[in-house]
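For reference, the structure is listed below as structure tokens.
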Amino acid sequence: MKKRLIDGIEVQQGSGNVYADLGLPDAEKLKIKTGLVIEIRKAMRSLGLTQQEAAKRMGITQPKVSGMMRGDFANLSERKLMDCLTRLGYDIEISVRPAKAALGHLVLASA
């Protein structure tokens, strides 16, 4: 990673995945799950849903929605988070193409 000094403080540019920068296992999975949770939060806000209403639509409990809103989504799989988004009226499109580098990566893009 690129390092430089700003006002005498060493600053290091991130990789684009804070979880990988912190050396956490499953960093790519955490990045995707975080992106999905962000989209769920946006959907809830734009639909004007309470946690209880959102829980009912997504097919999960209100305490799980509350945990998700606080950043605790370890107990929810990527698949379940995608299911939550579709139940909120969103389409999910997965695109597969050859990678530009030797090792491919996952990207979550929102419209």
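Just so it is clear, none of the values below were taken in a lab; they were calculated from the coordinates. This is a predicted model, so every value here is computed, not measured. In this analysis, Cβ positions are derived from the backbone assuming ideal geometry, glycine residues included, and neighbour counts consider all displayed protein chains.
What is the calculated FRET efficiency for E53 to K80, with r their C-beta to C-beta distance and R₀ = 25 Å, to the nearest 0.05? Using R0 = 25 Å, I get an efficiency of 0.85.
Round to the nearest 0.05 the FRET efficiency obtained for Q62 and L22 when R0 = 30 Å and r is the Cβ-Cβ distance.
0.50
Taken along its three principal axes, the alpha carbon spread of the stretch 26-87 comes to 31, 20, 19 Å, from the longest extent down to the shortest. All other residues with a Cβ under 13 Å from the Cβ of A27 taken together, and with Lys, Arg as +1 and Asp, Glu as -1, what is their net charge? After counting each charged neighbour, the total is 0. Using just its DSSP H runs of length 4 or more, each adding -39500 (n - 2.57), the chain gives a mean residue ellipticity at 222 nm of -13500 deg cm²/dmol after division by all residues. The P(r) of the chain has a tail past 17 Å containing 62 percent of all C-alpha pairs. In this calculation the C-beta distance from D91 to V11 is compared with R0 = 25 Å, giving a FRET efficiency of 0.05. With respect to the cross-link table entries K2/K29; K33/K64; K33/K56; K33/K80; K56/K80; K31/K80, which display a Cα-Cα separation exceeding 19 Å? The pairs that break the limit, which is 19 Å between Cα atoms, are K2/K29; K33/K56.
Helix 78-87 axis versus longest C-alpha principal axis of the chain: approximately 50°, rounded to the nearest ten. Each of V96, V37 was scored by other Cβ atoms within 10 Å of its Cβ. Arranged with the fewest first, they read V96, V37.
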